[in-house]
Amino acid sequence: MAGDLAPLVLYQYAGCGTCRKALAWLRERAIPFEAIDITASPPPLQLLAAAHDQLGSFGRLFNTSGQSYRALGAATVKAMDRDTALAALAADGRLIKRPFLVTASGRILTGFRPQDWEELLG
């Protein structure tokens, strides 16, 4: 759907089982979306800053089970200030909790919890 004005943008990774579940959920409901490979094209810094503001913490933005996160180390990530953390997320899409969903109105969800998605999109 690239090029369409899709109401949703889904940053995802093809090798991620949770992302595949989210894609299936959207398709089952015929909800149009644009899928973007989060590892090739991470969300821009401004969008990550908006996500941080909405979600209230970096705990819901970092993919704490990923190799990139483990390579940095939890202590290093926790010691980062806001600008450093956002720059790290923008530089490495594998650090970002996925899927990363952005609505046309600017609402952002990370991860896939069907009840949250149903509440927002249902």
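In square angstrom, what is the accessible area per residue of the chain with a 1.4 angstrom probe?
I get 54 Å² per residue for this part.
Quote the charge dipole size of the chain about the Cα centre in Debye, to the nearest 20; the model charges only the Cβ of Lys and Arg (+1) and of Asp and Glu (-1). Can you show the working numbers first?
Values: 13 positive and 11 negative charges, 81 e Å.
I would put it at about 380 debye.
Considering every Cα-Cα pair within the chain, what fraction, in whole percent, is farther apart than 26 Å?
16
How much of the accessible area of the chain, in percent, comes from carbon and sulfur atoms when a 1.4 Å probe is used? Don't skip to the answer; put the middle values down first.
Numbers: 3350 of 6550 Å².
Of all accessible area on the chain, carbon and sulfur atoms account for 51 percent.
Sorting check: for 93-102, 70-79, which peptide has the highest mean count of neighbouring beta carbons within 10 Å, and how do the rest follow?
Put in order of decreasing packing, that is 93-102, 70-79.
Residue by residue through the range 99-110, what is 3J(HN,Hα) from phi via Karplus (6.51 cos²θ - 1.76 cosθ + 1.60, θ = phi - 60°)? Round to whole Hz and write x for glycine and proline.
Working through the residues one at a time gives x, 10, 9, 10, 8, 4, 7, x, 5, 10, 10, 10 Hz.
The values are calculated or read from the model by the stated rules, or taken from the named source; none is laboratory data. These numbers were taken from a predicted model, which means no experiment stands behind them. FYI the Cβ positions are ideal-geometry reconstructions off the backbone, even for glycines, and counts take in every protein chain you see. For accessibility, only protein heavy atoms count, side chains too; no ligands or nucleic acids. Shrake-Rupley method; radii C 1.70, N 1.55, O 1.52, S 1.80 Å.
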